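The values are calculated or read from the model by the stated rules, or taken from the named source; none is laboratory data. What you are looking at is a predicted structure, and each value in this text was computed from that prediction instead of being measured. As a convention, Cβ positions derive from the backbone with ideal geometry for all residues, glycine included, and neighbour counts pool all protein chains shown.
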Amino acid sequence: MSCNEAKKFLDAYVDGELEAEAMLRVENHLSRCETCGAVAAVKSRLKRELAALGRCQAPAHLRVRVEKIARSGDRNRIIIRAAAPLAAAAAFAFFLIWPVGPGVEEPMAAVVDDVVQRHARELPMEVQGPDPQSAASWFRGKVDFPVRAPSLGLRNASFNGARLSNVRSHQAAHMLYNVDGHRVSVMIFNPERTIFSGGEHVEVGQRDVLVGQRNGYNVAIFLEGGMAYAVSSDLPKRRLLELVRAF
């Protein structure tokens, strides 16, 4: 069974609605595929937690917002936030979705692992600093999306270089900075109807940010101008979020 085939059965699998043969096929795939297994675990835990909450009514402001989007036809982006009393129980399963519509679900843990691995390897840069805008121009024709290089106009911040990379299945522009003597990677990529599930949700300025941590590295992912930015470093989370605010 392939990952695409398994994903079609995950909801029925979690609900226990599959016939025995199909159930065994899915279980066999999940035992071998860490990514699909993580998706199934999130779905199962979310279903249990929501069931424990019982029935509740959506807050009025959310109803008004959804109805306004539906009337305007603006389906380019929607961010759904867990609202009290759901926030405490469902914070682990916050979904950041852009744009609305059929998409590929990516567990936040898998994205964080990928970003951290690429940051920690310290691969040589294909174009050197100190001008991030020149590096952004270098990506023309090399990636199929525009690259806007953050200037990070902060004290003790400088640009080191850039290289081609990937975030999961997404082609990415890897920009490398030095902040307070720490390496900071900024991975820029086109989210292409991706649904990120899990992670900690925080609000930084006017941005909704998903935050994760792995092996001593913090990762913050947010959307800007239709592109996704994944910022990773061994800086403390508070300092990393200050960088996000400075973008």
(request) Could you tell me whether any residue of the range 150-162 is free of Cβ contacts under 8 Å to residues at least 24 places away in the same chain, in the same structural domain as residue 114 (by TED's automatic domain parsing) and hydroxyl-bearing (Ser, Thr, Tyr)? (result) yes
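Residues are listed down the side, and each one gets a yes or a no for (1) aliphatic (A, V, I, L, M); (2) surrounded by fewer than 17 Cβ atoms within 10 Å (Cβ to Cβ); (3) at pLDDT 80 or above:
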position	(1), (2), (3)
54	no, yes, no
59	no, yes, no
97	yes, no, no
104	yes, yes, no
109	yes, no, yes
(message) I'd like to know if the range 212-220 contains one or more residues that are among the β-branched types (Val, Ile, Thr), in the same structural domain as residue 118 (by TED's automatic domain parsing) and under 17 Å from residue 183 (Cα atoms).
(response) yes
(message) List the strands (runs of 3 or more DSSP E) inside the range 114-194, counting only whole elements, that have at least 1 residues being over 25 Å from residue 237 (Cβ atoms).
(response) 157-167, 170-179
(request) For residue 181, indicate whether it is more than 18 Å from the chain's Cα centre (by Cα) and under 20 Å from residue 113 (Cβ atoms). (result) no
(message) Return the residues of the range 114-142 that are closer than 14 Å to residue 184 by Cβ and loosely packed, with under 13 Cβ neighbours inside 10 Å; say none if nothing qualifies.
(response) 122
(request) Select from the range 148-169 the residues that are at pLDDT 90 or above and within 18 Å of the chain's Cα centre (by Cα) and write down the one among them that is surrounded by the fewest Cβ atoms within 10 Å (Cβ to Cβ). (result) 166
(request) Just give me the residues in the range 196-247 being in a strand (DSSP E or B), in contact (Cβ under 8 Å) with a residue 60 or more places away in the chain and of a type in the set (Phe, Trp, Tyr), in sequence order. (result) 196, 217, 229
(request) Kindly check whether there is at least one residue in the range 202-218 that is in contact with a Ser or Thr (Cβ under 8 Å, 6 or more places away or on another chain) and under 30 Å from residue 3 (Cα atoms). (result) yes
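Looking at this structure, is residue 172 closer than 27 Å to residue 36 by Cα and over 11 Å from the mean Cα position of the chain (by Cα)?
yes
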